[in-house]
Structures are given as C-alpha cells and as structure tokens.
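A.B. asks: There's a structure below that I have some questions on.
Just so it is clear, none of the values below were taken in a lab; they were calculated from the coordinates. Here the structure is a predicted model, which means the values were calculated and not measured. Because the Cβ atoms are built from the backbone with ideal geometry, glycine has one as well, and the counts that use them run over all protein chains shown.
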Amino acid sequence: MEYLLEQEPANCIKVVLFGPESTGKTTLSQQLARYYNSVWVPEYAREYLQNKWNNERKTCEPHDLLPIAIGQMQLENRLAKKTDSVLICDTDLLETKVYSETYYGGICDPTLEKYALKNQYDLYFLTYIDTPWEADDLRDKPEERLAMFKAFEHVLIKHEKPYVLLKGSKEERLKMAVKHIDKLLK
C-alpha cells in the first residue's frame with residue numbers, strides 16, 4: 001500500500017496551496033492554473049468527505065485519512081503527467097498530516113506521515129486567515145482559524161519546507177503567487 005502514497009517523477013514544477021479551511025486555496029489554485037494554462041489538482045478529501053456526509057451524515061474519522069491520502073496522490077500523479085510547466089496542488093499529504101494531528105490528539109498514521117514528509121514540492125503558498133469564513137457541510141471550526149494557521153506554519157518551519165505567506169485580497173494573493181512561480185520557471 002505504501003507505493004500508493006509515493007510521488008511519481010514529474011517533469012514540472014509543483015506548488016501547493018497550504019493552510020486552514022476557508023482561506024481561498026481552491027479559488028487561487030484555479031486562478032493559477034488558468035493563468036499558467038496548466039492543470040490544478042483538486043482536494044480529493046472534499047469529494048470523499050462530501051460523499052460520506054451525503055450518504056451517512058458522518059464527518060471525517062481517523063480511518064478515512066489513508067484512503068483520502070491515497071486518493072490525493074493518485075490524482076496528483078495522474079494530473080502531473082498532463083503538464084510540463086507548473087502543477088498547482090490544492091493540498092498535499094502534509095496538510096492531511098496537520099489535520100490528523102490537530103483533530104485526533106497529535107496522532108498521524110506512520111505511513112501517512114512518512115510520505116507527507118518524503119514527497120517534495122518546489123514551493124508552498126501558506127494562505128492566511130484574512131479571508132471571510134464560508135460555511136459548508138465540511139467546515140467546522142471557524143473559531144479556531146488562528147490556531148490552525150499556526151499549526152500549518154509550524155509544520156512548514158519544522159520540516160524546512162520552502163513557503164511564501166499569502167495575505168490580502170484575491171488579486172493581491174494571485175499577484176504574489178505569480179511573482180514567485182515566475183521565479184521558479186526561469
């Protein structure tokens with residue numbers, strides 16, 4: 001099963017939108033993919049958990065995390081083959097690790113953690129909490145946004161991942177992200 005969590009080699013730059021829920025990651029991912037005429041990797045967990053919610057009225061549980069991680073990596077590996085410029089990832093396994101640890105008492109499945117740390121990306125865009133909260137079936141902790149932001153930032157620093165903090169309006173975030181991706185593409 002471990003091989004399902006491995007990143008396959010790709011001929012593109014990979015960037016990840018990273019941060020708490022409802023901070024504009026999906027919107028910016030789509031904008032960046034359009035800007036670069038490339039592809040974006042959606043967040044597999046949203047589809048998985050929305051289906052679970054619709055069918056069982058249950059939210060995420062610890063046993064859901066490995067299937068979510070596997071689905072995310074299969075999606076990323078498949079879509080990475082469709083571009084030779086930049087792949088925009090709405091999330092990655094490191095984000096799943098952060099959620100696992102914050103929601104389930106500091107615990108993360110060792111296999112998930114191994115690949116969350118092993119898989120490599122050229123740059124992370126850490127999205128700040130200065131966007132309006134948008135409720136939906138899956139978002140559940142609007143009052144904990146700052147604590148979640150700090151957890152995301154901590155893991156990037158702890159594991160020495162290259163990142164840029166994105167704040168401000170959608171336009172400001174897009175402009176800043178493009179500036180940094182353009183540097184990588186040169």
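A.B. asks: May I ask which residue of 100, 135, 37 lies farthest towards the positive end of the charge dipole of segment 35-186, with charges of +1 (Lys, Arg) and -1 (Asp, Glu) on Cβ and the Cα centre as origin?
C.D. replies: So the residue furthest toward the plus end is 37.
A.B. asks: Further question: Taking just the C-alpha trace of the chain, give me its Rg and Dmax in Å.
C.D. replies: Final numbers for Rg and Dmax: 15.5, 48 Å.
A.B. asks: Longer than 32 Å from Cα to Cα, which of 81/170; 141/170; 25/183; 25/82; 58/175; 52/183 are they? Say none if no pair is. Don't skip to the answer; put the middle values down first.
C.D. replies: On the way: 81/170 28 Å; 141/170 22 Å; 25/183 21 Å; 25/82 21 Å; 58/175 38 Å; 52/183 40 Å.
Over 32 Å Cα-Cα: 58/175; 52/183.
A.B. asks: Segment 82-186: which GluC sites (Glu not before Pro) are DSSP loop and have at most 14 other beta-carbon atoms within 10 angstrom? Please list the in-between numbers first.
C.D. replies: Values: sites: 95, 101, 113, 134, 143, 144, 153, 160, 171, 172; in loops: 134, 160.
Those satisfying the criteria are 134, 160.
A.B. asks: What do you get for chymotrypsin sites (Phe, Trp or Tyr not before Pro) in segment 64-117 restricted to DSSP loop and a cutoff of at most 15 other Cβ within 10 Å of the site's Cβ?
C.D. replies: Details: sites: 99, 103, 104, 115; in loops: 104.
Here the sparse-neighbourhood loop sites are 104.
A.B. asks: Here is a follow-up. List the residues whose amide H sits under 5 Å from the amide H of residue 16, counting only those 5 or more places along or on another chain, with H placed 1.01 Å from N in the peptide plane.
C.D. replies: HN-HN under 5 Å from residue 16: 89, 123, 124, 125.
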